[in-house]
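J.: Please see the structure below; I have some questions.
The values are calculated or read from the model by the stated rules, or taken from the named source; none is laboratory data. Every value quoted in this text rests on a predicted model; they were computed, and no experiment measured them. Heads up, the Cβs are rebuilt from the backbone with ideal geometry, glycines too, and the neighbour counts pull from every protein chain shown.
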């Protein structure tokens, strides 16, 4: 393990244990976590609630995949594919859903507020390894310096910095000791008719 990233691994393990997920992959934000999961599963379409945050439906444009809108009165989380879940606002102990990619947010308004950052929860060991390499520019942090590695796949520079992870470790006890805000579709306007999503 690259010693500079020990705190990232510690934070990953802390969040995985809290959610009772076998593996957690730290990323720089929830949207990028969703993107990596979509790339990993080779998704060709997403289904998005009309009331959610802008960046989620924008992933369809970014990845050149099909976007479907849905009317969903969601609470805490929602599925964008059969096994990828936008869990950005979900903070609940032992809540990992088997055989899914649940993606969390640590953006400044979230319960564990780090300013930025996210996490992909999974029970697939191979997926966790591949997603971590994807987040780290294709490199494997368990193999030392990147310059001495044979990089085999494209990466996306979406990794969480040790400084953000350190903050997460420091703030985690307060997060588990306090009651999270309840989030739902009611916190968001209907964005499906915005020009950005209807310009051809």
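J.: Scan region 146-177 residue by residue and report those that are over 19 Å from residue 11 (Cα atoms) and either surrounded by 11 or more Cβ atoms within 10 Å (Cβ to Cβ) or at pLDDT 95 or above (or both). Steps first, please.
T.: Initial filter on region 146-177 (over 19 Å from residue 11 (Cα atoms)): 146-156.
Result: 146, 149, 151, 155, 156.
J.: Take region 14-40 and flag every residue that is in a helix (DSSP H, G or I), in contact with a strand residue (DSSP E or B) (Cβ under 7 Å, 6 or more places away or on another chain) and over 17 Å from residue 110 (Cα atoms).
T.: Matches in region 14-40: 16, 36, 37, 38.
J.: For region 161-200, give me each residue that is touching a strand residue (DSSP E or B) at 6+ places or on another chain (Cβ under 9 Å), in a loop (DSSP other than H, G, I, E, B) and within 23 Å of residue 76 (Cβ to Cβ).
T.: First, the residues of region 161-200 that are touching a strand residue (DSSP E or B) at 6+ places or on another chain (Cβ under 9 Å): 161, 164-165, 167-168, 182-192, 197.
Going one step further and asking which of them are in a loop (DSSP other than H, G, I, E, B), we end up with 161, 182-183, 188-189, 191-192.
Passing the criteria: 182, 183, 188, 189, 191, 192.
J.: Restricting attention to region 110-132, which residues are surrounded by fewer than 20 Cβ atoms within 10 Å (Cβ to Cβ), within 15 Å of residue 37 (Cα to Cα) and in contact (Cβ under 8 Å) with a residue 12 or more places away in the chain?
T.: Those that are surrounded by fewer than 20 Cβ atoms within 10 Å (Cβ to Cβ), within 15 Å of residue 37 (Cα to Cα) and in contact (Cβ under 8 Å) with a residue 12 or more places away in the chain: 123, 124, 125, 127, 130.
J.: Quickly run through region 142-156 and pick out the residues that are without any contact (Cβ under 8 Å) to a residue 60 or more places away in the chain and under 18 Å from the mean Cα position of the chain (by Cα). So that I can check it myself, show each step before the final result.
T.: Taking region 142-156 first, the residues without any contact (Cβ under 8 Å) to a residue 60 or more places away in the chain are 143, 146-155.
Within region 142-156, 155 is the sole residue that qualifies.
J.: Take residue 62 and decide whether it is touching a helix residue (DSSP H, G or I) at 6+ places or on another chain (Cβ under 9 Å), loosely packed, with under 15 Cβ neighbours inside 10 Å, modelled with pLDDT of 95 or more and within 23 Å of residue 196 (Cα to Cα).
T.: yes
J.: Between 31, 44, which is modelled with pLDDT of 95 or more, surrounded by 19 or more Cβ atoms within 10 Å (Cβ to Cβ) and more than 17 Å from residue 198 (Cβ to Cβ)? Walk me through how you get there before you give the answer.
T.: Details: 44 fails: surrounded by 19 or more Cβ atoms within 10 Å (Cβ to Cβ).
Exactly one residue qualifies, and that residue is 31.
J.: If you don't mind, there's one more thing I want to ask. Restricting to region 100-109, and then to whatever is within 14 Å of residue 175 (Cβ to Cβ) and in contact with a strand residue (DSSP E or B) (Cβ under 8 Å, 6 or more places away or on another chain), can you tell me which residue is surrounded by the fewest Cβ atoms within 10 Å (Cβ to Cβ)?
T.: To start, the set of residues in region 100-109 that are within 14 Å of residue 175 (Cβ to Cβ) comprises 104-109.
Restricting the remaining residues to those that are in contact with a strand residue (DSSP E or B) (Cβ under 8 Å, 6 or more places away or on another chain) gives 104-108.
On the way: 104: 29, 105: 28, 106: 29, 107: 19, 108: 9.
Residue satisfying both the conditions and the ranking: 108.
J.: Of the numbered conditions (1) out of contact with any strand residue (DSSP E or B) (no Cβ under 7 Å at 6 or more places or on another chain); (2) surrounded by 21 or more Cβ atoms within 10 Å (Cβ to Cβ); (3) touching a residue at least 40 places away in the same chain (Cβ under 8 Å), residue 139 fails exactly one; give the number of that condition.
T.: (3)
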